[in-house]
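So the structure is just underneath, and the comments pick up after that.
The values are calculated or read from the model by the stated rules, or taken from the named source; none is laboratory data. This structure is a prediction, so every number in the text was calculated from the model and none was measured. Backbone-built Cβ (ideal geometry, glycine too); neighbour counts: all protein chains shown. Heavy atoms of the whole protein, side chains included, go into the accessibility calculation; ligands, DNA and RNA do not. Shrake-Rupley method; radii C 1.70, N 1.55, O 1.52, S 1.80 Å.
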Amino acid sequence: MSILKKVLIASALATLLLAGMPALGAAPSGKGAPLVCLDPGHGGEDSGANYNGVMEKIPNLDIALRVRPILQSLGYNVVMTRETDTTVSLQQRCDIANAARADVFMSIHNNAFMTDSQGTETYSYYGASEGKKLATLVQQQVVQRIKLPDRGVKEAGFYVLHHTNMPSALVEGCFLTNPAEAKLLQDPRFRQKIAEGVAAGIHLYLVDPGHFDEFLLLQNPDATRDAKLEIHYMRGDGVEEVYPELVPHGTRRTIHVDEYIFNNDVSAMVQSVNGVPVVAERAMYFNFDKGRGGTGAPGVSTPSTGWYLAEGSTDWGFTTYILVQNPSGSSNSVTMQFMRDDGKNMQQTFSLQPHSRFTLDCSSVDGFQKADFSVRLTSKKPVVVERAMYFPNHNGISGGHDSPGLVSPGTNWYLAEGYTGGAFDTYILIQNPNSVPANAKVHYLLPKGATVVKEYQVAADSRRTIHVDDVPGLSNTEVSFHVESDQPVAVERSMYFKYKGIGEGSNSTAVDAPSTTWYLAEGYTGPGFDTYVLLMNPGDTAAHATLGFMREDGGRVDYALKVPAHSRRTVRVNDINTMSGVAFATQVDSDQPLVVERAKYYEYDGKSGGDAAMGVTQAATKWYFAEGCTR
């Protein structure tokens, strides 16, 4: 069931006014539909501007009263700061919006300056990125309808913009001091056009602020049986929504989560209801004030009461979030131990609602406002944990990366991807959650079979960062990794890069063993996308592998290759015959155990970047994703 199937039926008026616009989906706050606060400027003893026979308070109220039914017909809830010609203070207006927990605040005014001043302008508060986005959409829609000069979107310190707790904007429809525009404002048809523009701009903002696009990629490797699935979406406000999906045998499906969950943080559980195991990944593309790019991550097949995250930073321009999904039907608690690279630790406990997800900004943790760190998490009941990191400017690049945690530390870890050439920087992160130091040996596997081995000590209850580009003999090369340790540790890899002019970053958690079978649910070679499959052979015998590409259109392409012992191979899927311009999943079968990962680089809707994800070795009937956003 898509968003178009669950849309509230708009009235004929709204259909006429907003034809071609996206439809309203689920609410962002669990209160029913999104709530809009309309603020008709001035009123009562405060007439506002008074020129050319027009007192501003009168058309302001009339326009707001015209906006209200349009929004209501689209399924929104509306609260007004005034519905009659009454005096309402600026603070009272803010109090009304804040007490109602409105999703947006829209103040409606008309302007005054010189007799030859003309046109429309809309304001947001200084530096308010969400308010500016709302103001921009309202400005565009009003100007499009009334066709007066476009004076643009501006910033100002208006009281109601500063003291409301939600995205806020203030529109100035036209100039009362201009006789021609004052005459237009006395025409109810002109006021209706302003109202339509305001409603359309609010609607466009609420339907999709445009920051995040989230996709679930579902692979069914079964040769004969279709997979009947239920996807449980657990919103940040504790509301759960469930939708059925079908994945035909031997193929994959792409689910655009934004078409199901409206403007919200969301975790997901994918469940096979007919017992056919599948593979699930999540891809997200984003462009907001903390970064631009994308992330990719495999699902987690089982919740756990213990999790480890080797990577994390609030220094160097990074923002780090811990995402915790509580799939339980009852409340839960989690305790997070933060381990700085200098050995300082901090512990905090948090409560979780049933069937929900919890987000922690790590910069809020005392002593970790500017630090590199790892995290160990324990919970009363099993949960799913991911970590997301964003950076608006890290050495001149913007982006983010995300990975699920590891459920336990180990003494052997493997990573297939790594590159130190050109503008690529590769890092290995080793978390030592033990009370004694860990002695780690890193085997760097190169493409032609050579191996470089280095030893490192990781202090107790801390983490260590290895900049692979600085290791002698590893500059300008593809590289895979095998990490051995005398104490159980957790290992991840982060990369920051410029690829064909695209600057971003990626991350993967390591796997604890090679395998003869691997699955990758995500892959795309359409315009602007390059997809690579990375194969690492840590063994003493050359491996003969077959990559089976399961196209979303039902086709299948097999590609055979040899991976020499103690080396790695890189396959650019775009170069394989009949694999250009398609969405696909991959199954890798080998006669020797391998480690398999996927890397993807893209130019996508202003969200250019790259991501990497480790493959999984088994299909399963349940997959969990702690992270997700459709804002």
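A few remarks follow.
- Screening Val483 against (1) out of contact with any His (no Cβ under 9 Å at 6 or more places or on another chain); (2) farther than 15 Å from Tyr419 by Cβ leaves a single unmet condition, (1).
- Residue in region 109-128 that is closer than 21 Å to Ala33 by Cα, open to solvent by less than 60 Å² (accessible area, probe 1.4 Å), of a type in the set (Gly, Ala, Ser) and not in a loop (DSSP other than H, G, I, E, B) present: no
- Tally of residues being surrounded by fewer than 24 Cβ atoms within 10 Å (Cβ to Cβ) and more than 18 Å from the chain's Cα centre (by Cα) across region 273-307: 11
- When Val383 is tested against (1) assigned to a strand (DSSP E or B); (2) under 22 Å from Gly615 (Cβ atoms), only condition (2) is not met.
Quick grid of which residues meet (1) at pLDDT 95 or above; (2) assigned to a loop (DSSP other than H, G, I, E, B); (3) more than 18 Å from the chain's Cα centre (by Cα):
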{"residue": "Asn165", "(1), (2), (3)": "no, yes, yes"}
{"residue": "Ala182", "(1), (2), (3)": "yes, no, yes"}
{"residue": "Tyr233", "(1), (2), (3)": "no, no, no"}
{"residue": "Asp237", "(1), (2), (3)": "no, yes, no"}
{"residue": "Asp258", "(1), (2), (3)": "no, no, no"}
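- The residue list Thr465, Thr426 contains one member that is of a type in the set (S, T, N, Q), open to solvent by 10 Å² or more (accessible area, probe 1.4 Å) and in a strand (DSSP E or B), which is Thr465.
- Pair list, Cβ under 8 Å, 6 or more apart: region 477-497 residue closer than 17 Å to Pro447 by Cβ and aliphatic (A, V, I, L, M), other residue modelled with pLDDT under 95 and buried (at least 21 other Cβ atoms within 10 Å of the Cβ): Val479/Arg568
- In summary, Asp540 fulfils each of the numbered conditions (1) open to solvent by 20 Å² or more (accessible area, probe 1.4 Å); (2) in a strand (DSSP E or B); (3) more than 30 Å from Val375 (Cβ to Cβ); (4) among the acidic types (Asp, Glu) with the single exception of condition (2).
- Extreme residue, most open to solvent (accessible area, probe 1.4 Å), among residues of region 336-351 that are assigned to a strand (DSSP E or B) and closer than 22 Å to Leu429 by Cα: Gln347
- Flag if Gly421 is open to solvent by less than 10 Å² (accessible area, probe 1.4 Å), in a strand (DSSP E or B) and not acidic (Asp, Glu): no
- When region 73-85 is filtered for residues that are assigned to a loop (DSSP other than H, G, I, E, B) and either at positive phi or at pLDDT below 95 (or both), the ones remaining, listed by number, are Leu74, Gly75, Tyr76.
- Of the listed requirements (1) among the aliphatic types (A, V, I, L, M); (2) assigned to a helix (DSSP H, G or I); (3) buried (at least 19 other Cβ atoms within 10 Å of the Cβ), Val88 misses just one: (2).
Quick grid of which residues meet (1) more than 18 Å from Arg464 (Cβ to Cβ); (2) surrounded by 14 or more Cβ atoms within 10 Å (Cβ to Cβ):
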{"site": "Trp316", "(1), (2)": "no, no"}
{"site": "Val334", "(1), (2)": "yes, yes"}
{"site": "Gln353", "(1), (2)": "yes, yes"}
{"site": "Ser364", "(1), (2)": "yes, no"}
{"site": "Glu386", "(1), (2)": "yes, yes"}
{"site": "Tyr390", "(1), (2)": "yes, yes"}
{"site": "Pro404", "(1), (2)": "yes, yes"}
{"site": "Gly410", "(1), (2)": "no, yes"}
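- Scanning region 543-571 for residues that are touching a His at 6+ places or on another chain (Cβ under 9 Å), farther than 23 Å from Arg252 by Cβ, surrounded by 14 or more Cβ atoms within 10 Å (Cβ to Cβ) and not β-branched (Val, Ile, Thr) turns up just one, His566.
Yes or no, residue by residue, for (1) more than 30 Å from Asn111 (Cα to Cα); (2) of a type outside the set (D, E, K, R); (3) open to solvent by less than 20 Å² (accessible area, probe 1.4 Å):
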{"site": "Gly173", "(1), (2), (3)": "no, yes, yes"}
{"site": "Ala180", "(1), (2), (3)": "no, yes, no"}
{"site": "Ala199", "(1), (2), (3)": "no, yes, yes"}
{"site": "Gln219", "(1), (2), (3)": "yes, yes, yes"}
{"site": "Asp222", "(1), (2), (3)": "yes, no, no"}
{"site": "Pro248", "(1), (2), (3)": "yes, yes, no"}
{"site": "Arg253", "(1), (2), (3)": "yes, no, no"}
{"site": "Glu259", "(1), (2), (3)": "yes, no, no"}
{"site": "Ser267", "(1), (2), (3)": "yes, yes, yes"}
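- Residue-level analysis places Asp605 among those that are at positive phi and either open to solvent by 60 Å² or more (accessible area, probe 1.4 Å) or part of a strand (DSSP E or B) (or both).
- Filter result (touching a Phe, Trp or Tyr at 6+ places or on another chain (Cβ under 9 Å) and either free of Cβ contacts under 8 Å to residues at least 24 places away in the same chain or of a type in the set (Lys, Arg) (or both)) within region 558-576: Asp558, Tyr559, Arg572
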